[in-house]
Amino acid sequence: MMDTILENRTIDMIAAHFKTAPHKIGRIHEADAEIVDLGGGSPHYLAVTTDALVEEISSGLYDDPYFMGWMLAMVNFSDLAAVGADPLGLLLSISYPMNGDSRFAAKLARGVSDACNKLGTFVLGGDTNQGGELLLSGCAVGLVPKQSVLTRKGARAHDSLYMTSRAGLGNVYAFLKLGRMRFLPARSFYKPVARIKEGRIIREFASSCMDTSDGVIHTIDTLMRLNRRRFVLYGDWAAILHPIAYRVCRAQGIPAWLVLAGIHGEFELVFTVSPQRERPFLSAAAETGWTPLKIGEVCEGQGVSIQGNGGATPLDTAAIRNLSEQAGSDPQAYIKRLVQIAQESGIA
């Protein structure tokens, strides 16, 4: 099922040239971060991930250096949160134009630093180079207890589908920024934080987990394909969407669920919990003052559906996910086609 998605085909083609590391836990696509057995009787696995800001900068989605730094850190640490890891720190790779502004670099560094401070972790080091354009990449590392490591696999029928909090702000930000809408200041409401603290609770109870950095629908589709189950998303958008996202949708006439379908998400975690573990999970979350959001359920069968008053409507999540590959670097064409898919689906 994974090769239905164009991005996965590219990943698989590249990965086919590499030997499988004997100390790596799990296979390709199965976790947000790579899990490595340290050996020597260690009670922990090493969790390591890398991510870069490329399209976000080239498209103009991110144009403030402080915000670039913040997002560079958070996008990497979010992958650690999704496997339940405690972060050790971040490595940076920064390539900047030869005539680069030192003030720009200072703001970028402050953004990274503030993000690390927010999560109680550190920049461990990195590398700088000069080149023709700005390139930003990071590598986050952490440790996760062997007995409670999270992956994207393990969901079963009758599991409940949860999210750490309401979603939609990431794609609303992108729609407003790239769609040149002026309903709200584009960045004033969007400053996501990796869910490291929540990940420590989730790792003790969840059967599968993935972050929403590429959008909620993308996340649910991946979980569906890896677990070969049917995922049903509740259609109560006022409860699932962040209030600002819901308000923007209503003001702009955007189908509410569309802000879950774009590829610029936030860093919430979507995860599944079995019926047997649901009550103790909710109790443990309540002790920290956190209220997880139940957004759906896992059922027998395969596919992704949205539950409405008239029943569950199947959603062509492959078409939604492949759209980003087909639209290329034209954000306007991507947004236009995404709206068309939403209209064709018949889901309000």
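Tell me, L124, L53 in order of fewest to most beta-carbon neighbours within 10 Å?
The most exposed by this proxy come first: L124, L53.
If you only keep lysine pairs separated by 8 or more in sequence, or across chains, how many in the chain come under 26 Å at the Cα atoms?
So the count works out to 20.
Between the alpha-carbon centers of the range 212-256 and the range 59-105, tell me the distance in whole angstrom.
Answer, in whole Å: 26.
Give me K336, K191 ranked fewest to most by other Cβ atoms within 10 Å of their Cβ, as a rough exposure proxy.
Ascending number of Cβ neighbours within 10 Å: K336, K191.
Only helical DSSP H runs with n ≥ 4 go in: add -39500 (n - 2.57) per run for the chain, normalise by residue count and round the 222 nm mean residue ellipticity to 500 deg cm²/dmol.
Rounded to the nearest 500, it is -11500 deg cm²/dmol.
Amide H to amide H, which residues 5 or more places from S165 or on other chains are under 5 Å from it, using H placed in the peptide plane?
Close amide H contacts, sequence-distant or interchain: L269, L293.
Would you list the P(r) distribution for the chain, with all Cα-Cα distances sorted into 10 Å bins from 0 and each bin expressed as a whole %?
Percent of pairs per bin, in order: 5, 25, 35, 26, 8, 1.
Among H44, H23, H218, H242, what is the fewest-to-most ranking by other Cβ atoms within 10 Å?
Lowest count first: H23, H44, H242, H218.
What's the longest bit of the chain with no exposed GluC sites (Glu not before Pro), using DSSP loop states and at most 12 other Cβ atoms within 10 Å as the test? Provide the component values of the computation, followed by the final result.
Details: sites that count: E133, E300.
The reported range is 134-299.
Computed from the coordinates by the stated procedures, all read-outs in this text should not be read as laboratory data. For clarity, every value in this text was computed on a predicted model and none was experimentally measured. Glycine gets a Cβ as well: all are built from the backbone with ideal geometry, and neighbour counts include every protein chain shown.
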